[in-house]
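All remarks here apply to the structure that follows.
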Amino acid sequence: MTRPASDWWKSAVVYQIYPRSFADSNGDGIGDLAGIIGRLDYVRALGVDVIWLSPVYRSPQADNGYDISDYRAVDPMFGTLAEFDAFLARVHELGMKLVMDLVVNHTSDQHPWFAESRSTRVGSKRDWYFWRDARDGAEPNNWGSLFGGSAWQWDQSTEQYYLHLFERRQPDLDWTNPEVRAAVHDLMSWWLDRGVDGFRMDVINFISKADGLPDAPGIPGQTFVNAIDRFADGPHVHDYLAEMTRVVFADRDGEFMTVGEMPAVTPDEARLYTDPARHELNMVFQFEHMSVDQGADKFDYVGLDLVALKKSLHRWQIALAETGWNSLYWNNHDQPRVVSRFGDDHPDYWAASAKVLATVLHGMRGTPFVYQGEELGMTNYPFRHPWELQDIESLNYYNGVLEAGGDTGAALAGLTRMSRDNARTPMQWDAGPHAGFSSSAPWMPVNPNHTWLNAESQVCAADSVFAHYQALIHLRHRLPILVDGDFTPLMAEDPQIWAYTRTTPTAGLVVLANCGRDTRAVDVDPEWTGATLLLGNLPNAEASITSTTVELAPWEARIYLARPGSAG
Ligand code: TEU
Ligand code: CA
């Protein structure tokens, strides 16, 4: 099957780099562009097609670069624009593409646009942001910030409130204003002219708020409520994205990729965003599978229900089967490490379970994303004290519990499991001081397990987690059935076995995985007899399916291929 060149991203694998934590070249303890350049051969060796670079723009770093004060500059902490150009050139030389992070739901409060907006009620940029009068001497509505407290901040000098869905230093842009949209289109074009290959768009389904900013339903007496329904997938968001595509991409030659980050997005909305006929986005990041182990809030860890996790991802596979396209991810800079979360980070099962999770994700239909260190099976950090946490969301949560006189021990336990800090400890390059990340103490502590869990020990080992990721990425490039094949779940109610098939009229793959510590026998349909082993994560797997029962060792995964002569 030949695929149109414009669909190249359907068979691509993306690697996310979080620059603060990847590689530090100048010994200030913070990762930087020169550090990344020095490690690009490693990324190339993994076999990925695209790098997504988390923000390196000029920023006061209130939210680690997701608060941008100049969209056309590199923060000195990360390097210079010249170093960025050298980095981009090297990425292209190595045959990869670069996708930039586009953070335009909000800016930093230090952005000149906001400085002008806040300076006077009658200025030309006042209506670039949401300014509202007090209501009965208090906030204009009951929306809560996603980082805690109210979503409104009082400005003393002009005596109005401004809206910030995230931290108070991240004021929301008002996209109903065509000048705002044009300014965003301009900065996107500026980066595309520089040679970048697309964008990962931060909380892009939040850019259209409900008209009139109405209160969200809350419990009487509750001050600030989670108002996500008032700004996720709002009334004009599809128009804004279609307009963006038209203005920014329509007259441009090249192979681009766009992915929209979309908390709370539903499958029906995602199908609209990614329907190629609508020219909005190539794919979205949905969050449903990231909440299956959360209770009352994201730090209320309730344990993994594997059936719920499978059903969630399977539902998305089926929802976007005919129209639209999925992204596939376990990790990013906002999520705890998957081997600690959905796998088993006990030393006996750590490597096997990291490979099982990789196998079931990369076997599905969609574009897989790998977050730095995931390809090594990096684990959560053993946080013991609140002062080890760095993230604004973590700190706000902990301090909120402290001020309310709540159970800080439970709060710290929840943060240790679920906080974003887990994703942000330094990349573990080797067993040496600071894990080879920096020549001096890094901005976040290095995981003590770097003495045995590191890149140097894995890149040349044939049975490493890294080698398994390499093999999965290679398979995606080699077998069109992994890209196009229909997805059918098997044993959906089984609490330990994760199994499904991928089929085309002429070939079939069956993915079988044991997500637990007990050996399990799996019944397979007789039609799979004779299928041959493509990839397994443990030694001594049967080279083909010889009966209707396949026995899987603890945390074992295998991919079998039927009718290999016509794989796709
Ligand atoms: O995150 C958006 C988001 O809603 C969550 O993923 C967030 O990390 C958290 O779970 C809220 O409880 C994006 C970025 O990925 C994140 O790093 C930024 O902090 C956020 O937007 C604001 O720009
Ligand atoms: Ca540095």
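In terms of accessible area, using a 1.4 Å probe and ignoring ligands and nucleic acids, 72, 478 rank largest first as 478, 72.
Once the mean of 1/r is taken over each pair of separate Cα atoms and inverted, region 112-163 shows a Kirkwood hydrodynamic radius of 11.4 Å. Taking a quarter of the surface of the Cα convex hull of region 485-562 gives a mean projected area of 4.7 nm².
Largest first, the residues 288, 159, 375 sort by 1.4 Å accessible area into 159, 288, 375.
Using Cα atoms only, what is the angle between the long axis of helix 178-194 and the major principal axis of the chain, expressed in degrees (0 to 90) to the nearest 10? Approximately 50 degrees, to the nearest ten. In this view, the solvent-accessible surface of residue 551, computed with a 1.4 Å probe and all protein chains in place, comes to about 120 Å².
Based on DSSP, what percent of beta bridges with both residues in the chain are antiparallel, to the nearest 5?
Values: 40 of 65 bridges.
Within the chain, antiparallel bridges account for around 60 percent of the total.
Taking amide H as placed 1.01 Å from N in the peptide plane, the amide H of residue 535 sits under 5 Å from that of 559, each at least 5 places away or on another chain. Residue 256 contributes about 40 Å² of solvent-accessible surface, heavy atoms of the protein only, 1.4 Å probe.
For the chain, take the convex hull of the Cα atoms, compute a quarter of its surface area, and give me that in nm², please. Each step should come with its number before you reach the end.
Numbers: hull surface 102.5 nm².
For the Cα atoms of the chain, the hull's average projected area reads 25.6 nm².
For residue 10, a cut-off of 18 angstrom between C-alpha atoms picks up these aspartates and glutamates, skipping any fewer than 8 places away in its own chain: 49, 197, 255, 261, 275, 280, 322, 484, 486. Note on exposure: 417, 118, 337 ranked by accessible area (1.4 Å probe, complete protein assembly) read 417, 118, 337, with the most exposed listed first. Listed by chain and number, the lysines whose C-alpha is less than 22 Å from the C-alpha of residue 298, apart from same-chain residues fewer than 8 away, are 310, 311.
Computed from Cα positions, the angle between helix 408-418 and the longest principal axis of the chain comes to roughly 60 degrees. So what's the angle, to the nearest 10 degrees on a 0 to 90 scale, between helix 392-403 and the longest Cα principal axis of the chain? The answer is roughly 70 degrees.
Proximity of backbone amide H atoms, modeled 1.01 Å from N, is registered between residue 284 and 260, 327 at under 5 Å, excluding neighbours fewer than 5 places apart on the same chain. In this structure region 174-330 gives 40 Å² per residue of accessible area when probed at 1.4 Å with all protein chains present.
With the whole protein complex present, residue 369 retains an accessible surface near 10 Å², based on a 1.4 Å probe.
The values are calculated or read from the model by the stated rules, or taken from the named source; none is laboratory data. Treat the numbers as computed from the prediction; the structure is a model and nothing was measured. Accessible surface areas use protein heavy atoms only, side chains included; no ligands, DNA or RNA. Shrake-Rupley method; radii C 1.70, N 1.55, O 1.52, S 1.80 Å.
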